[in-house]
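The values are calculated or read from the model by the stated rules, or taken from the named source; none is laboratory data. For clarity, every value in this text was computed on a predicted model and none was experimentally measured. Please note: Cβ atoms are built from the backbone with ideal geometry, for glycine as well, and neighbour counts cover all protein chains shown.
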Amino acid sequence: MEDPVTAQDSYTYERKAIMEWIRQYGTSPLTSQTITAETLLENQNVRKLIQDFKARAKDLNYQYELGVDIRKKARRPLFETYGKTIYPAEWLTNIDGPEIVLLKMNGARAKKEASLYVKLSCHPHIVRTYGLVNVRSDHPTSNSIMLLQEEASEGNLSEYLLDLAELPNENILREIFIQITDAMTFLARNHVIHGDLACRNVLVFAFNPTELKRNLVKLTDFGLSRASILYATVSCASRTVFDIVPIRYAALEILLNNSPDSYSEQSDMYSMGVLMWEALSKGTMPWYLLEHDADVQRQVTSGKRLEQPASCSSKLWLIIRKSMAQQPKDRPDFDTLRTMLLQNSMQPLSTQCATKFLEEVESLLTVGCAMYSKFLRRNGASSNKLR
């Protein structure tokens, strides 16, 4: 947040973002009350907090000391997978600081690129990384790195969808896709390849099943594992990051030739198509009927693609299929994908509710008419007998 302002609803927003919101809707995104641009007031207190925090970060050269500036809240990690461990953390020197986690990456060599990574993570839909964390160790040559990041209150998108009682409306998911696409457009413009785009690498900060603009997701792990200047090797000296491929999300060109040259915005676009399929399938693992990755690889290289989820509209599926096109040149870039998703706007939720209500009324009328006809037939038969 660069220019915080307080609106009539008493909430604080980034000036540019709330101005755009007011221009489109004229109401508060949180309370729905009417607000105007003329009544926005600069929030000096929040501005000072932001400036102080940035100044402290700059003085530290985006480096923090474990046990001095921050500490782990628990020895047991929140999440652990190959090459990545996330720990709950808290501030020791910045009591008013944001909620944080520690991300430990094995096999990373990125200290010289820390400031670049921090800069890239300032996008509103990319998880914020505050800097590197120095760890006093008896093994200073250990091939690992620790980063300080903001905490996502709702976890990752894959687990969040799996835990929901029912799949969100397609409009809500489309809004989430647009936010992810915004982040990917930003990375592409900065010549950064994500390389591992999947629902598990999308963090949920706010979710609302009925109001589009009260949803917030952020992308994480961009360039952390492959095809990036930020991270080059994994902990096993005999292997490189290009040996570790998320087969179920990987584009054909990567499955055929897993080299740095195969990773591009177009390969990320293919993974985006799989991500959208995954979300529309309520967090189901892609190719879930195939137990082994080798079988998935054979299917994709033979030209097979994921099938349309039952919940996915035909219009949206056309976009997803184009994202997963066999040839990289036939896939859109992320800027184009965003436009396609916006043009694919469905009915407003209120209209959908009205439509559903009318369908239910029509169904009841059909049943009622059938019962009434049956009643008339019976009464007609009885009248004939009386005659």
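When S153, S158 are checked against the criterion of being of a type in the set (G, A, S) and without any contact (Cβ under 8 Å) to a residue 60 or more places away in the chain, S153 stands alone in meeting it. Within segment 319-330, being more than 17 Å from W287 (Cβ to Cβ) and under 21 Å from the mean Cα position of the chain (by Cα) holds for I319, K322.
Within segment 11-29, residues that are outside the structural domain of L212 (by the TED database) reach partners that are hydroxyl-bearing (S, T, Y) and surrounded by 14 or more Cβ atoms within 10 Å (Cβ to Cβ) with beta carbons closer than 6 Å, at six or more positions or on different chains, in the pairs T12/T6. In the set Y270, Y288, only one residue is on the phi < 0 side of the Ramachandran plot, among the aromatic types (F, W, Y) and crowded, with 16+ Cβ neighbours inside 10 Å; that residue is Y270.
Among the residues of segment 179-210, those identified as touching a Leu at 6+ places or on another chain (Cβ under 6 Å), surrounded by fewer than 21 Cβ atoms within 10 Å (Cβ to Cβ) and of a type outside the set (S, T, N, Q) are F205, A206. Entry remark, segment 207-221: residues being β-branched (V, I, T) and outside any strand (DSSP E or B) number 2 in total. Given the structure, is V245 buried (at least 17 other Cβ atoms within 10 Å of the Cβ), modelled with pLDDT under 95, within 21 Å of the chain's Cα centre (by Cα) and of a type outside the set (S, T, Y)? When the stated conditions are applied, V245 passes them. Residues in segment 85-96 that are in contact (Cβ under 8 Å) with a residue 12 or more places away in the chain and either outside the structural domain of R128 (by the TED database) or part of a loop (DSSP other than H, G, I, E, B) (or both): 4 in all. Checked against the criterion of being at pLDDT 65 or above, touching a helix residue (DSSP H, G or I) at 6+ places or on another chain (Cβ under 8 Å) and outside any helix (DSSP H, G or I), segment 222-235 has at least one qualifying residue.
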